[in-house]
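Working notes, structure below.
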Amino acid sequence: MEPSEYRRHDATALAELVAAGDVTPAELLKVARLRADEVDPALNAIVLRMDDTADSRAADPDSLTGPFAGVPFLIKDLAQEYRGYPTSFGSRSLSRHIATDHSVVVRRFLEAGLVIFGKTNTPEFGAKGITEPEFWGPARNPWNTDHTPGGSSGGSGAAVAAGIVPAAGANDGGGSIRIPAACNGLVGLKPTRGLAPFGPVSGESMFGMAVQGVVSRSVRDAAALYDAIVGPTDGSVYPTPTPRTPFATQITTPPSRLRIGFSTSSAINPNPHPEAIAAVARTAQVLDDLGHHVDEVTPPYDDGALARDFLTIWFAVLATEVDETRALTGATDRDFEADTLALAELGRSAGVVAAMTALNKVNDYVLSLSRFHQTHDLFLTPTLATPPLRIGATTTPSLLQGASRVISKVHAGSLLARTGLLDDLIEQSLGWVPYTQLANLTGRPAISVPMHWTADGLPLGVQFVGRLGADGDLLALAAQLEQAAPWAHRYSDISV
């Protein structure tokens, strides 16, 4: 198979070619590697190659079963452990810690027949909406390498958009599937809480706010891949009903007339970029043309307050992750980024009362969104408030990094708090992505679809948030939009 032909196929089509005997898993793996060798030096999307394992798997096609038998695939280097390889979480502190077991989601990827040949770049501990870890270096957007592919699943997004693989593993604790999808022109579903489980090394991440998943070019790939990975495990803490009808079947029937409320408003970013507003306006017009009822609404929640609560919870989680990593690996301060140490110290100094108060407020956001869904099926927003940022746009100045290390070392987090750092972080870290955290805190499903490209040729997705358990409805609408405004054929033709 020629590389150009390979890139024209999604994962479903490649699996069909393998099943028909038109191509072998080894041939597909060879083409995927050639594409990686060609473009990854410019993208830095892949941080670990797993060639020996992939070769063994591809060389035994009879052992590959499942809907994606023989299709090349990449997993994220965060919370997607592969036995015998390190999972660095984007950090020097974990770069040599070898996984002793597959994570549940990786096991299910393998059971689906995927041939995993590498792990993708991610920010340290997935803490940012960009992918610029100091240890691995920044991942870059294949549509314009001066810009970010988003985060924290930025390496996966870049690899798919560049045609290295048709889909890749991802996960989402505050937008980390949807942000890279929006930055790279891809489909990214953040599923309902508990539907795609973590484990077995850890249970629910971020009190259930983080979920496992994928990014892909086509909706049918997303639907079938989620069919392959959803469902409870013996370690699940509560039952999450799996769909009675597979997602891959649900997307074949267009949704009935939906009532969709849209907004571009944000207290965090009162002036979204005109391209973000244009993305929603174009999508609203397409939805109206398809027969859906679309109206502008007041956001059903206070995103400024939600941002503070989200970050308070996240800082507490990060403090725990840093402490657990120290205990596990013997890591010292020099093994962590200054930003990580500062954020962890903010969480540590705020104390358990602040974190618990923020967690208790989650119910308020759930109720607000539930009231909204009494009158509207879906909530439409931009996925990003601006086009993808330039690489380095949010880098902390070196002097401040040095001060952060000192303050962290003497546990003076209260001093950091008094500097107004939290407000700065809300503006800098979430100002360009103020719309995505809602779905994580409330557990609701949300999807980003690539409905817009900027005048500069950068993707800019829109997001739909649905009722609890409405994953199939979101995918069905995405399939309808994909048919009305096709995007699956688009991939970056970057070459070096």
Here the residues within the stretch 200-212 that are in a loop (DSSP other than H, G, I, E, B) and either in contact with a Leu (Cβ under 7 Å, 6 or more places away or on another chain) or surrounded by fewer than 20 Cβ atoms within 10 Å (Cβ to Cβ) (or both) are P200, V201, S202, G203, E204, M209
Counting only helices (runs of 4 or more DSSP H) wholly inside the stretch 338-418, the ones holding at least 2 residues that are without any contact (Cβ under 8 Å) to a residue 12 or more places away in the chain and surrounded by fewer than 14 Cβ atoms within 10 Å (Cβ to Cβ) are 338-372, 398-409
The residue from T375, T383, T357 that alone is more than 21 Å from Q463 (Cβ to Cβ) and hydroxyl-bearing (S, T, Y) is T357
Q: Answer yes if at least one residue in the stretch 257-268 is surrounded by fewer than 18 Cβ atoms within 10 Å (Cβ to Cβ) and in a helix (DSSP H, G or I), and no otherwise.
A: no
Quiz item: Just wondering, is there one or more residues in the stretch 108-120 that are part of a strand (DSSP E or B) and among the small types (G, A, S)?
Solution: yes
When every residue in the stretch 292-323 that is outside any helix (DSSP H, G or I) and among the aliphatic types (A, V, I, L, M) is compared, the one surrounded by the most Cβ atoms within 10 Å (Cβ to Cβ) is V294
Exception for R244 within (1) part of a loop (DSSP other than H, G, I, E, B); (2) at pLDDT 95 or above falls at (2)
Among residues of the stretch 124-135 being surrounded by 24 or more Cβ atoms within 10 Å (Cβ to Cβ), part of a loop (DSSP other than H, G, I, E, B) and out of contact with any Gly (no Cβ under 6 Å at 6 or more places or on another chain), the residue modelled with the highest pLDDT is E132
Note: among L318, L287, just one is within 29 Å of V230 (Cβ to Cβ) and in contact with a strand residue (DSSP E or B) (Cβ under 6 Å, 6 or more places away or on another chain), namely L287
Counting only helices (runs of 4 or more DSSP H) wholly inside the stretch 1-58, the ones holding at least 2 residues that are under 15 Å from I494 (Cα atoms) and at pLDDT 95 or above are 25-43
Log entry, pairs with first residue in the stretch 426-446 being modelled with pLDDT under 95 and part of a helix (DSSP H, G or I), second being crowded, with 24+ Cβ neighbours inside 10 Å and among the small types (G, A, S), beta carbons closer than 6 Å, six or more apart or on different chains, reads I426/A307
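Yes/no matrix, rows are residues, columns are (1) crowded, with 24+ Cβ neighbours inside 10 Å; (2) more than 22 Å from A161 (Cα to Cα); (3) at pLDDT 95 or above; (4) not charged (D, E, K, R):
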site	(1), (2), (3), (4)
P86	no, yes, yes, yes
H97	no, yes, yes, yes
T100	no, yes, yes, yes
R107	no, yes, yes, no
F117	yes, no, yes, yes
T122	yes, no, yes, yes
P138	no, no, yes, yes
Conditions (1) closer than 21 Å to V366 by Cβ; (2) out of contact with any strand residue (DSSP E or B) (no Cβ under 7 Å at 6 or more places or on another chain) -> F135 fails only (1)
Residue count, the stretch 269-291, condition out of contact with any helix residue (DSSP H, G or I) (no Cβ under 7 Å at 6 or more places or on another chain) and surrounded by fewer than 20 Cβ atoms within 10 Å (Cβ to Cβ), comes to 14
Can you say whether D55 is without any contact (Cβ under 8 Å) to a residue 12 or more places away in the chain, surrounded by fewer than 17 Cβ atoms within 10 Å (Cβ to Cβ), under 18 Å from I164 (Cβ atoms) and out of contact with any Phe, Trp or Tyr (no Cβ under 6 Å at 6 or more places or on another chain), as far as the supplied structure shows?
no
(message) Against the definition (among the charged types (D, E, K, R) and touching a residue at least 12 places away in the same chain (Cβ under 8 Å)), how does E324 come out, yes or no?
(response) no
Selection from the stretch 1-31 of residues in contact with a helix residue (DSSP H, G or I) (Cβ under 7 Å, 6 or more places away or on another chain), among the small types (G, A, S) and surrounded by 21 or more Cβ atoms within 10 Å (Cβ to Cβ) yields A11
Among residues of the stretch 141-157 being of a type in the set (S, T, N, Q) and crowded, with 24+ Cβ neighbours inside 10 Å, the residue farthest from A168 (Cα to Cα) is T148
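The values are calculated or read from the model by the stated rules, or taken from the named source; none is laboratory data. Everything numeric here is computed off the predicted structure, so don't read it as measured data. Cβ sites come from the backbone with ideal geometry, for glycine too, and all protein chains shown count toward neighbours.
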